[in-house]
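Below: one structure, written as structure tokens.
The values are calculated or read from the model by the stated rules, or taken from the named source; none is laboratory data. Predicted model, so just to flag it, every value in this text is computed and none were measured. Please note: Cβ atoms are built from the backbone with ideal geometry, for glycine as well, and neighbour counts cover all protein chains shown. Please note that ligands, DNA and RNA were not included when accessible areas were found on the heavy atoms of the full protein model with its side chains. Shrake-Rupley method; radii C 1.70, N 1.55, O 1.52, S 1.80 Å.
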Amino acid sequence: SCEKESLPQSTPESNLVPLVLTTGDDTKTSLQTDGSIHWSAGDQISVIDNGIIGGSQNNHTFSISNIKGSSATFSGDVRNSTTQICAVYPAGLVVSGDVGGLTGLGSNRDITVRIPSEQTAEAGTFNDNLNISVAKTSVNYVTDNALPSTTSITFKNVCALLSFTMPSTLPGEITSVTISSSVAIAGDMNIDYSGDTPKVKSLSNPAKQITMVGDFAAGKTYWFVLAPVTLNGISITVHDSEENIYVKSRSGQIQLNQGTYRSLGTLNFDKMRPITVSSEHTYGESEM
């Protein structure tokens, strides 16, 4: 249970009413050093309601208002005819969503979220606002701007995590690490949440590689967030500030399931094939 919140007042003209959502202890957003995953200050979720059918008016941004470790409270507004909602973390990665009609029957139950093909390095965790999770619930039918009771929701992860660790000694200043495979690992992911567990249906605008950029420290672990797929081999490419490139590949299938993680272990640069890029030269009409 969380502290009581001060709720915004709705107006008849907006047809919106305030709603408070309280998450369970199994939600996952920010990885901690002890392996637990907590909510973070500034987190926002997208709440898609079925108050009307279609259009951006179905999608509302809720802001975090109270944190108690792995549980949190979010506050925002929904349409005053809402009976069903789908909540998605993080709000910024939602492409589209469908919650169905007022009766909760018929229509689709799916959303589309975007897994970026460029992610930022954060030591010991994954990129902020990236570990996508989905929740759904019913709310009391709201009429005459009456306030629905605080509603509890449970988020479930839909992505997979893949980690790697930098060795204690680095060959230079690392600027990026890229993983690639013959199958898509990022893009616009369509998710069916009609059942108890959200299921990934397809990937559009697919990307077969994800590049992590930023500052990389010796001995630290970093996490890619990617689609739950079966990799047919994987390649790891590391760039440093001196334009050296280190490459390592592994053949065979690697199963990545949603809500789970796997590790690539510690990168051993002594056993990675280094490639040095020459200085820049002109070509075409210029002499070579």
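When you look at Thr103, is it among the hydroxyl-bearing types (Ser, Thr, Tyr), open to solvent by 10 Å² or more (accessible area, probe 1.4 Å), more than 20 Å from Asn127 (Cβ to Cβ) and at pLDDT below 70, yes or no? It is true that Thr103 is among the hydroxyl-bearing types (Ser, Thr, Tyr), open to solvent by 10 Å² or more (accessible area, probe 1.4 Å), more than 20 Å from Asn127 (Cβ to Cβ) and at pLDDT below 70. Applying a threshold of 8 Å to beta carbon distances and a minimum spacing of six or more residues, or different chains, the list of pairs starting in region 185-213 at a residue that is closer than 13 Å to Val158 by Cβ and touching a residue at least 60 places away in the same chain (Cβ under 8 Å) and ending at one that is open to solvent by less than 60 Å² (accessible area, probe 1.4 Å) and of a type in the set (Lys, Arg) reads Asp192/Arg109; Tyr193/Arg109.
Among the residues that make up region 76-90, is at least one of them more than 16 Å from the chain's Cα centre (by Cα) and at pLDDT below 80? Scanning region 76-90 turns up at least one residue that is more than 16 Å from the chain's Cα centre (by Cα) and at pLDDT below 80.
Looking at region 186-195, is at least one residue modelled with pLDDT of 90 or more, of a type in the set (S, T, N, Q), within 30 Å of Asp77 (Cα to Cα) and open to solvent by 20 Å² or more (accessible area, probe 1.4 Å)? Yes, region 186-195 has at least one match. Scan region 231-253 residue by residue and report those that are farther than 22 Å from Phe216 by Cβ and either surrounded by fewer than 17 Cβ atoms within 10 Å (Cβ to Cβ) or touching an Asp or Glu at 6+ places or on another chain (Cβ under 6 Å) (or both). Selection gives Asn232, Gly233, Ser251, Gly252, Gln253. Among the residues of this structure, Gly42 counts as one that is at pLDDT 85 or above, outside any strand (DSSP E or B) and closer than 25 Å to Phe224 by Cβ.
Does any residue of region 164-173 turn out to be open to solvent by less than 50 Å² (accessible area, probe 1.4 Å), closer than 26 Å to Ala87 by Cβ and at pLDDT 90 or above? No - not one qualifying residue is present in region 164-173.
Tell me, which strands (runs of 3 or more DSSP E) lie completely within region 172-275 with 2 or more residues that are under 20 Å from the mean Cα position of the chain (by Cα) and of a type outside the set (Gly, Ala, Ser)?
Output list reads 174-180, 186-192, 199-207, 209-213, 221-226, 230-240, 261-266.
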